[in-house]
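What follows is a set of notes on a single structure, which appears directly below.
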Amino acid sequence: MSERYDVVVIGGGVVGAAIARELSRFRLRIALLERQAEVGFGTSKTNSGIIHPGHDTSSATLKGRLVVRGNALYDRLAAELHFGFRRIGQLNVALEPADLVALERLKAQGDAKGVPGLELWDPARLRREEPNLSRELRGALHAPSAGVINPYELVFALVESAARNGVELAVDCPVTALAADGDGLAAHTPRGVFRGRFVLNCAGVASDRVAALAGAATFTITPRKGEEYMLDKRLLGLVRRLVFPVPSPKTKGTLIIPTFDGTIMVGPTAEDVLDRDDVATTARGAREVFAFVRRLCPSIDPRDAITAFAGLRAVADGNDFVIGPTSVRGFVNVAGIQSPGLTAAPAIAEHVRDLLAAEGLALVAKPDFAPEVRAPARFAHLAPEVQEALAARDPRFARVVCRCELVTEAEIDDAVDHGARTLDGLKFRTRAGMGRCQGGFCTPRAMEILARRLGVPLHAVTKRGGGSWIALPMGAEQEA
Amino acid sequence: MLGRMEGDYDVVVVGGGPAGLAAAIGARDAGATRVLVVDREDEAGGILLQCIHAGFGLHYFKEELTGPEYAERFVARALDRDIDVVGSAYVSGAGLDSDGTRRVRVMREGHGIRTVRSRAMVLAMGCRERTRGALHIPGTRPAGVLTAGLAQRFVNVMGLLPGRRVAILGSGDIGLIMARRLTLEGCEVVGVFELMPFSNGLTRNVVQCLGDFGIPLHLSTTVVEIHGQDRVDKITVAPVGADLAPDLSRCREVACDTLLLSIGLVPENELSQGLGVELDVVTQGPRVSSTLETSLPGVFACGNVLHVHDLCDYVTEEALLAGRFAGELAGGVKRPRDNIRVVPGDNVRYCVPHTLAPGREHTIYLRSERPLRPAAIRVGDLVRRKLGFVTPAEMITFRIKPDVLDRFHGEALRIDLLGEPAGPHLAGAEP
Ligand SMILES: Cc1cc2nc3c(=O)[nH]c(=O)nc-3n(C[C@H](O)[C@H](O)[C@H](O)COP(=O)(O)OP(=O)(O)OC[C@H]3O[C@@H](n4cnc5c(N)ncnc54)[C@H](O)[C@@H]3O)c2cc1C
Ligand SMILES: Cc1cc2nc3c(=O)[nH]c(=O)nc-3n(C[C@H](O)[C@H](O)[C@H](O)COP(=O)(O)OP(=O)(O)OC[C@H]3O[C@@H](n4cnc5c(N)ncnc54)[C@H](O)[C@@H]3O)c2cc1C
C-alpha cells in the first residue's frame, strides 16, 4: 500500500491526537500512525493526569507559554469530547520558612502570566480547607484553575473525534524509515508507505529516534522516569485539592493527587534512565514517594498502595519542548513534550496548526466539521430507573461483565466499536478489570467478547498488543 | 441455565455455589415453600465447576467426586425440591424495606432488571482471590501475572494454558492443585515460593501436587521483582528473615513466562457491606450468631463469604444449617437471642460463629494463628481436648454438646489453642 496525504502524524499519544484532531477541521487528508496496538498507550496513559495552572514554569520557555493557554482550552474540549475533567484546584505548600519566599515568587510569576485566581493561604486557612495535611506546613499558594482528567480518556476521545472528521488511523504501525519523496516525505511501515507533504514527529520518548530516521538528529531525549502509586479507596476524600511542594528546577516534586475518579494517587518520582522501555516500579521509588508525601500528609501509609505504574517523560536537551520545522523538508518536530505536555497538548495543536500554515499548508475550514463525540455509556453511574429501562430495551445491559465496577456487555461492545482491541484498551475505556479483583472475574468474559468481535481465537487476545499474549491454545504444538 | 424466577419468595439465596445450593435445600427441608437461588454464572455450582479434580464429597456423600459432579448432585437435589435456581443473574444490590422485607436487585440476562422480595435472605457469594496489588511487588506490569484461580478457569473451562514456564507465588491450595494440573498439561512448573515458614495449603496437597511431581516448594521465600516488557520473562526471588523482610543480598533470578498468585482468598462481601451487615475484621466475613444470622435480622451467611473454608464438605454442612434457620425464620419460628460471646484466645486467629446459646449443639469453626504440635483446644474451663498437629491452613471444627453450655454461666467464652510452636517440616518442602 502506498497513499498520499497532506499530513502524516507519527505517534498516537495526546500530542499527535490533539494535532490530528485540530487539523481535521480543515480540508486535508491526514494519517495518524501509531506503533502500538492502540492509541494512548505511551506516556499519555502513565502520568499524573493534572491540568496544570502554569504558574510554576517561566514564560521564557515554550512549555511555559503553552501550558497556560492549554489549561484555558480544557473547558471547551471537555464539553465537546465528554472525557472526565474537573477543576479541583492546587496547593503548593511550604515545608520550610524559605518556601514561603518561593511561594511569593511563584505567585508573582503566575500573576504576570495571567494564571487566574492565585492566592496565598496562611496556616489557619490551609488547616480549615485541608484538615488532613501536616500541621507543620507553613502556608500555601492556591491555584483554583488546576484540574484533573483521566488522560487515556482524553486520547481516546481526541482520536475518535479526529477519525469522525476524516483522519485515517493506523495502529500496529511503527514508522521504520523516512525517505525524501517529491516535495515531502515517505514514512515506511509494515503496513505500507504513507507519503506526506508534511510529516509530524510526535513520537514521545522515541522522538529523537524518529528525527534520526528523517536525517534530522538535532536533539536527544533522556527518558525521565516517574513512578506513581494508587492508594486504597479507604483514603477517598483525604485531600480535596492537588497538593504540591515548592517545585525544583528539575521537577514539580512528589504530589498528592485526588484523581478524577476520586482515588488518591501519590507520586511521581523523577529519575533519568537509559532504557526507553524501562517502566518498572522499584522498591526505592516507593520508599522515596511515601517518605516524602508523609511529610505533606502523615496519615498516608505505604501499606495503602493498591497498585503502581511508571511513565517516561521525554526530556530533550535544553529541557524545553522541541517544536518546529527542520532542515529536512516537510519534517516537523513536535518532540520533547515532557510535563506539562498533557496540559499543553491542545495549545500545542493550535501552535502547530499555525506553524504549518506559515510553512505553506492551505487551511480551508470544513463546514461539516463535527466537534462533538458522545460520552461512552457508563451503566454504573446511571439512576436505577434508567438502568432498568436500558436493560429492558437491550439485553446486553443486563449481562454483567465486570462485577467490581459493574460494567455490562453493552459497554464492552461499545468500547470495541470505538477502537478497543486489547484487554487494556477495554479496561481504560470501560474500567472493566480496574476494581478490587483486578480482572480475576472479567478477564475470561472480556476475552470471549473481544475474540468474537475481532473474529480471532481466544489465545490471540492480548493484554496490550505486541508480545503481551495472555494464554496459549491447549494441546496445540507449542512453538518455542 | 433456564430457570424460573417469579413473584416473591420465602427465602432468597444469593450465590449458587455449594453454600448457596445447600442453604436452599436446608431452607426447603425446614418448611419454606418458595426458595430462590440466584447465581451470576451461566450454571449453578460456584467454584466447584472449575475444580475438575477428584476429592469432593468424602464426608457428605461418602464417595470421592469431582467438583462438577458434587455440584451436579446438589443442583439435582435442589430442583427435585422445586427450588427455583436461576443463572446468568447478577445481584447488584440488596436492601431491607422498612417493614423488614428483604429485597435483592437482580440483573438477569434476557430478563432485564427486577427487584425480588423475601422473608429471609442467605448470603452465599463465596470469595475472590487476592491479587498482585495486595503484595506491592515492584517491577514491570507485563501480561502473565494472574491468580491461580483464573489459570484454573483457563485450563479447565476455556481450554487454554496460562503459559509454558510457570512460577507460583504462595502455597494456597489452588496454587498447589494448579502446579500439578499444569505439569500434567506439559508446562514446566519451576517452583512454588512461600513467604511463611510453612505451607498455606493442605498437607495432602503439598504431598500429592508437589512432592509426587518433584516440584520444589521454597519456604520463607518471596518474589521481589517482576521482569518483562510485554510478557513476564523472569522474576527475582529472595529469602525472607524472621521479620518476613526479604534479604536482597541473597536474591536470585528465575526464568519463567508466567507467575501464578496463590496468596489467599478474600470473602466477597461488597453486597453485605451495601446492606449494612457488620463484618469481622479478621475473617472479613459477617459476624454471625449461632443460627448463622448476621447483624441484620433475617439475613444469614454461609460458605466462603462467611469465612474461607478449605474443604467443600464443611461448606455444605454449615450452609445446610444456615438454610434451615433461614427457612424456620421465614416460617415464623422465633428463637431467643444468643447470650454467650465467643472470644478467640491464645493462638486462635478467629472463631465462627461469634455467639452461642445454651440448649443446642454447636459446631465451632476456628483457625490457629501458627503451626502447633502437639496441640489441644480449651473451651473456657468447660472442655479440653487433644488435637494433634495444627496448622493455619487446616480449619479446625469442634462440636459443643448442648449440655456443656448449660454448665457455663459467664457472658464471654474464651477458646484457646495450646501447644508448642512447630517448625517447618512438611513433606516436599525445601528449607
Ligand atoms: C510520571 C509522569 C507524570 C506526568 N504528569 C503530567 C501531568 O500531570 N500533567 C501534564 O500536563 N503532563 C504530565 N506528564 C507529561 C505528559 O504525560 C506528556 O507530556 C505527554 O503525555 C506526552 O505526550 P506525547 O503524545 O508526546 O507522548 P506519548 O504519549 O508517549 O506518545 C508518543 C506515541 O508515539 C508512538 N511512537 C513512537 N515511535 C513511533 C514510531 N516509530 N512509529 C509510530 N509511532 C511511534 C508511541 O507508541 C506513543 O504512543 C507526565 C509525565 C510522566 C512520565
Ligand atoms: C479459584 C478457587 C478454586 C478453589 N479450588 C478448590 C478446590 O480445588 N478444592 C476445594 O476443596 N476447594 C476449593 N476452593 C474452595 C471453594 O471455594 C470452597 O470449597 C467452596 O466452593 C465454597 O463454596 P461457596 O458456595 O461458599 O462459594 P463459591 O463456590 O465461590 O460460590 C459462590 C457463588 O456465588 C456467586 N455469586 C457471588 N456474588 C454474586 C452476586 N452478586 N450475584 C449472583 N451470584 C453471585 C458466584 O458466581 C458463585 O457461583 C477454591 C476456591 C477458589 C476461589
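The values are calculated or read from the model by the stated rules, or taken from the named source; none is laboratory data. Everything numeric in this text was worked out from a predicted model, so none of it was measured. All Cβ positions, glycine included, derive from the backbone under ideal geometry; neighbour counts span all protein chains shown. SASA here: full protein model, heavy atoms, side chains in, ligands and nucleic acids out. Shrake-Rupley method; radii C 1.70, N 1.55, O 1.52, S 1.80 Å.
Summary table
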{"item": "Among the listed pairs A:K45/A:K427; A:K107/A:K225; A:K463/B:K234; A:K113/A:K252; A:K45/B:K234, those beyond 21 Å (Cα-Cα)", "result": "A:K107/A:K225; A:K45/B:K234"}
{"item": "Solvent-free Debye scattering, log10 I(q)/I(0), computed from the Cα coordinates of the range A:263-322 at q = 0.20, 0.23, 0.24 Å⁻¹", "result": "-0.84, -0.99, -1.04"}
{"item": "Two-site label geometry, A:R4 and B:V343: point separation in nm, points 7 Å out along Cα→Cβ", "result": "8.9 nm"}
{"item": "Column: log10 I(q)/I(0), Debye, Cα scatterers of chain B, q = 0.06, 0.07 Å⁻¹", "result": "-0.26, -0.36"}
{"item": "Isolated Cys residues of chain A, judged by Cβ distance under 4.7 Å to other cysteines", "result": "A:C173, A:C202, A:C297, A:C404, A:C437"}
{"item": "Cα-Cα pairs of the range A:1-156 separated by more than 22 Å (percent)", "result": "54 percent"}
{"item": "Projected label distance in nm at A:A357 and B:V333, using a 7 Å step from Cα toward the beta-carbon", "result": "8.3 nm"}
{"item": "Charge-dipole axis of the range B:131-263 as Lys and Arg at +1 and Asp and Glu at -1 on Cβ define it, positive-most pick from B:T258, B:N156, B:I177", "result": "B:N156"}
{"item": "Mean projected area (nm²) of the alpha-carbon convex hull when the range A:180-248 is viewed from all directions", "result": "9.1 nm²"}
{"item": "A:A124 paired with A:E350, simple spin-label distance in nm, labels 7 Å along Cα-to-beta-carbon", "result": "4.1 nm"}
{"item": "Helix runs (DSSP H) in chain A reaching 24 Å along axis by Cα, Kyte-Doolittle at least -1.0", "result": "A:62-81, A:97-113, A:341-358"}
{"item": "Rounded if a/c under 1.5, otherwise prolate or oblate - the range B:11-160, Cα gyration tensor axes", "result": "oblate"}
{"item": "Separation between Cα centres of the range A:372-432 and the range A:271-326, rounded to whole Å", "result": "32 Å"}
{"item": "Over the range B:340-421, volume per residue of the alpha carbon convex hull, in Å³", "result": "72 Å³"}
{"item": "More than 22 Å apart - percent of Cα-Cα pairs taken over the range B:224-338", "result": "55 percent"}
{"item": "Accessible surface of the protein assembly as shown, 1.4 Å probe, proportion on carbon and sulfur as whole %", "result": "51 percent"}
{"item": "Cα-based Kirkwood hydrodynamic radius, the protein assembly as shown, one decimal, Å", "result": "30.0 Å"}
{"item": "Near-label residues of the range B:140-177 by backbone N, under 14 Å of a point 7 Å along Cα→Cβ of A:R452", "result": "none"}
{"item": "Scattering curve values for the range B:131-263, log₁₀ I(q)/I(0), Debye with Cα scatterers, q = 0.13, 0.18 Å⁻¹", "result": "-0.47, -0.93"}
{"item": "Over the range B:284-427: Rg over Rh, Cα atoms, Kirkwood Rh", "result": "0.98"}
{"item": "Kirkwood-based Rg to Rh ratio, chain A, C-alpha trace", "result": "0.97"}
{"item": "Degrees between helix B:18-29 axis and first principal axis of chain B (Cα, 0 to 90, nearest 10)", "result": "20 degrees"}
{"item": "Point-charge dipole on Cβ atoms (K/R +1, D/E -1) for the range A:379-469, about Cα centre, debye to 20", "result": "400 debye"}
{"item": "Convex hull (Cα only) mean projected area of the range A:369-453, reported in nm² to one decimal", "result": "6.2 nm²"}
{"item": "C-alpha long axis of helix B:312-330 to longest principal axis of chain B, angle in °", "result": "20 degrees"}
{"item": "Modelled FRET efficiency - R0 25 Å, A:R294 with B:L135, Cβ distances, 0.05 increments", "result": "0.75"}
